[in-house]
Amino acid sequence: MQNNTFSSSFVGQNLIELERVDSTNNFLKNELSNSKPLPEGTVILAEDQFAGRGQFSNKWLSDAGKNLTFSVLLNPSFLGISSQFKYNIAISLAINDVLSRFIASESFKIKWPNDIYFGRDKLGGILIENVLTGSTYKHAITGIGLNINQTNYPVDIQRVTSLRLITGREHQLPVLLEALCQAIEDRYLELKAGKSAQQYKQYLSKLYLYNTPARYEFNGHTHTGIIKGVSPQGLLQVEAEGKKYEFNFKEISYLHQ
Ligand code: BTN
């Protein structure tokens, strides 16, 4: 275990820094499947992640050395498996907590299910891969990718931003990582202490397009809908044409990009 000087008490205390890896989530998964007992809060940080993964089998592209690409191991066995989305909420809030320190306005948003947005542009994403044993939530492999100092993106990647593009200055990755580890620890302990209802309220206040009429595509048609919340199972609740709907990740597309 490499002890570092982070202010958090367990998240990031075991920090494994890799120069180059396919994906920090894969690395963490492999370490766990080799039955290595890793302490809760272990963080795998990659300078260069050459096969980063996003949600729905998307790729996560990130220029080496410019951004944060890391995975955190947490063991939320205190949550029932039907409450896994509460964990997503806690992690999204933690990231939002740190980013919000850079801009006074309320401009950072959490786009359901797990994206971090600034205005209409994506700054980061979260890929949580849950390991369950029977009916116990054993591990949450929590991959986080945040665009920090990158300013150029491939032309086919639209609606993307970075902290540097937003603030106009370069940021120190280790300083940000430490702040994120502390915020993740704080939000995780808050969740563990039974504050999920409070976190859900805060999540709604940060939710992209919450209570705002916008265009969506679902059931093969475009609709004007209003996001009303997220169910305990993590389904997006939308009202459209006087009806209430609940959607899984792949069942609805935002047209308001
Ligand atoms: C998304 O927006 O679809 C989620 C992106 C998650 C990217 C991070 S980078 C660190 C970790 N390792 C991966 O391969 N993916 C996550």
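Just so you know, all these numbers are worked out from the coordinates, no wet-lab data involved. Since the structure is predicted, the reported quantities are computational estimates derived from the model, not experimental observations. So basically every Cβ, Gly included, is an ideal-geometry build from the backbone, and we count neighbours across all protein chains shown.
With a cut-off of at most 12 other beta carbons within 10 Å, and DSSP calling the residue loop, which trypsin sites (Lys or Arg not before Pro) in region 1-102 qualify? Please list them. Could the numbers behind the result be given before it?
Values: sites: Arg20, Lys29, Arg53, Lys59, Lys66, Lys86, Arg101; in loops: Lys66, Arg101.
When the trypsin sites (Lys or Arg not before Pro) of region 1-102 are filtered for loop state and at most 12 Cβ neighbours within 10 Å, Arg101 remain.
Mind checking region 1-35 for chymotrypsin sites (Phe, Trp or Tyr not before Pro) that DSSP puts in a loop (not H, G, I, E or B) and that have at most 14 other Cβ atoms within 10 Å?
Answer by residue number: there is no such site.
Could you give the angle, 0 to 90 degrees to the nearest 10, between helix 84-99's Cα long axis and the longest principal axis of the Cα atoms of the chain?
That helix lies at roughly 80 degrees to the long axis.
Work out how much length Lys192 to Asn4 would gain on full extension: take 0.36 nm times their residue separation and subtract the Cα-Cα distance, in nm to one decimal. Could the numbers behind the result be given before it?
On the way: separation 188, 0.36 × 188 = 67.68 nm, distance 2.45 nm.
This chain segment gains 65.2 nm when fully extended.
Using every alpha carbon pair in region 11-60, what percent of pairs falls into each 10 Å bin from 0 up to the bin containing the largest distance?
26, 51, 24, 0
Would you mind computing Rg(Cα) / (2.2 N^0.38 Å) for the chain, counting N as its residues?
Numbers: Rg = 17.9 Å, N = 257, 2.2 N^0.38 = 18.1 Å.
That works out to 0.99 for the chain.
Report, to one decimal in Å, the Kirkwood hydrodynamic radius for region 64-108 based on all distinct Cα pairs. Let's see the in-between values first.
Numbers: mean 1/r = 0.0776 Å⁻¹.
Computed over region 64-108, the radius equals 12.9 Å.
Within the chain, which is the longest segment containing none of the GluC sites (Glu not before Pro) that sit in a DSSP loop and have at most 11 other Cβ atoms within 10 Å? Can you show the working numbers first?
On the way: sites that count: Glu106, Glu241.
Answer from the scan: 107-240.
If you average 1/r over every pair of different alpha-carbon atoms in region 1-136 and take one over that average, what Kirkwood value in Å do you get? Working shown, then result.
Values: mean 1/r = 0.0618 Å⁻¹.
Computed over Cα pairs of region 1-136, the Kirkwood hydrodynamic radius comes out at 16.2 Å.
Note the full-extension length gain between Ser57 and Thr167 as 0.36 nm times their separation in residues minus their Cα-Cα distance, in nm to one decimal. Can you show the working numbers first?
Values: separation 110, 0.36 × 110 = 39.60 nm, distance 3.06 nm.
Separation in residues times 0.36 nm, less the Cα-Cα distance, equals 36.5 nm.
Name the residues of region 39-58 whose amide N is less than 14 Å from a point 7 angstrom out from the Cα of Glu17 along the C-beta direction?
What the label zone holds, given the 14 Å backbone N cut-off, is 43-48.
What value, in deg cm²/dmol to 500, does the helix sum -39500 (n - 2.57) over DSSP H runs of n ≥ 4 give at 222 nm once divided by the residues of the chain?
Values: 5 runs with 62 residues, N = 257.
So the calculated ellipticity at 222 nm is -7500 deg cm²/dmol.
Could you list, in their original order, any pairs among Lys228/Lys250; Lys122/Lys244; Lys29/Lys244; Lys192/Lys243 whose Cα atoms are separated by more than 30 Å?
Working: Lys228/Lys250 18 Å; Lys122/Lys244 28 Å; Lys29/Lys244 38 Å; Lys192/Lys243 35 Å.
Table pairs above 30 Å Cα-Cα are Lys29/Lys244; Lys192/Lys243.
Taking the Cα centroid of region 15-60 and of region 171-216, what is the distance between the two, rounded to the nearest whole Å?
22
If amide hydrogens are placed 1.01 Å from N in the peptide plane, which non-local residues have theirs closer than 5 Å to the one on Trp60?
Here the answer is Gly52, Arg53, Gly54, since their amide H atoms fall under 5 Å of that of Trp60.
Tell me, what is a quarter of the convex hull surface for the C-alpha atoms of region 146-251, in nm² with one decimal? Mind showing how you got there, number by number?
Details: hull surface 37.5 nm².
Average of the hull's projected areas for region 146-251 equals 9.4 nm².
Could you state the principal axis extents of the C-alpha atoms in region 81-173, from the largest down, to the nearest angstrom?
Cα spread of region 81-173 along its principal axes, largest to smallest: 48, 30, 25 Å.
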